[in-house]
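Since the structure comes first, as structure tokens, the remarks are kept for the end.
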Amino acid sequence: MQSLADMGVRFETTLAYVSLPKWDKSRPLGGPAAGLREGHGSSTSSGQPAVWGPYREVFRWLKEEGGVRTIIKVTVDDFGDMPHSDKAIVECISGLHVEIFDWKKTDISIDAVRHAAPMVEKLYLYCSGREPVLLGWSGDGVLDQLKNVSRCKGGGGANLKPNQKKEWLTNLYACF
């Protein structure tokens with residue numbers, strides 16, 4: 001990525017779409033993203049060490065070197081056993097105006113979304129089916145913290161009992 005900056009490459013201040021594929025953690029990082037593997041003491045919901053991966057550097061470059069201020073839609077495939085920590089997600093996205101937030105991480109914290117993309121208009125949430133997550137997302141005023149959200153889409157929840165799925169989806173789609 002540094003070579004793009006050296007060549008004077010700059011993007012428009014608004015990008016329609018940024019999509020990052022699932023990062024293969026078995027491949028070594030090179031260039032400016034080297035050394036970004038550890039999450040500096042943070043951990044995932046499963047208790048494993050968080051992995052920063054190269055995405056922090058990608059978003060840093062877009063903001064600082066590329067001059068990007070707005071991304072209409074952000075999609076990141078972060079499913080897996082070692083997703084980015086909520087702290088890493090906030091660091092990646094904060095400072096950008098994001099309208100559609102689709103960070104494919106199971107059970108992401110609404111606080112993380114609120115800090116990363118406070119002006120988000122459309123939000124995708126992916127649920128493991130864990131009851132504390134469902135209760136957290138469906139709590140009074142939780143989604144109201146994201147004042148501009150007019151649409152939410154949910155995914156996952158395959159392990160939910162039918163009555164839990166219905167309650168989760170009812171609460172999730174209440175923000176339409």
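Applying the criterion of at least 1 residues that are closer than 25 Å to Val9 by Cβ and either under 13 Å from the mean Cα position of the chain (by Cα) or at pLDDT below 85 (or both) to the strands (runs of 3 or more DSSP E) found wholly in the range 52-151 leaves 70-77, 97-104.
For the range 77-87, how many residues are touching a Lys or Arg at 6+ places or on another chain (Cβ under 6 Å) and in contact (Cβ under 8 Å) with a residue 40 or more places away in the chain? Give the derivation first.
Of the residues in the range 77-87, the ones touching a Lys or Arg at 6+ places or on another chain (Cβ under 6 Å) are 77-79, 83.
After this cut, where a residue has to be in contact (Cβ under 8 Å) with a residue 40 or more places away in the chain as well, the list is 77-79.
Residues that pass the stated criteria total 3.
Within the range 128-143, residues that are within 26 Å of Asp81 (Cβ to Cβ) have Cβ atoms under 9 Å from residues that are basic (Lys, Arg) and outside any loop (DSSP other than H, G, I, E, B) in these pairs: Gly129/Lys165, counting only partners at least 6 apart in sequence or on another chain. In the range 89-122, which residues are within 24 Å of Pro54 (Cβ to Cβ) and of a type in the set (A, V, I, L, M)? Across the range 89-122, the qualifying residues are Ile89, Val90, Ile93, Leu96, Val98, Ile100, Ile108, Ala112, Val113, Ala116, Ala117, Val120. The residue of the range 104-154 that is surrounded by the most Cβ atoms within 10 Å (Cβ to Cβ), among those that are of a type in the set (Ser, Thr, Tyr) and within 20 Å of Ser19 (Cβ to Cβ), is Thr106.
Of all the residues that make up the range 1-38, how many are in a loop (DSSP other than H, G, I, E, B) and at pLDDT 60 or above?
Quick first cut of the range 1-38, residues in a loop (DSSP other than H, G, I, E, B) only: 1, 7-13, 21-30, 34-37.
If we keep only those that are at pLDDT 60 or above too, we end up with 7-13, 21-27.
Looking only at that region, the number is 14.
The values are calculated or read from the model by the stated rules, or taken from the named source; none is laboratory data. Because the structure is a prediction, the values reported are computed rather than measured. Heads up, the Cβs are rebuilt from the backbone with ideal geometry, glycines too, and the neighbour counts pull from every protein chain shown.
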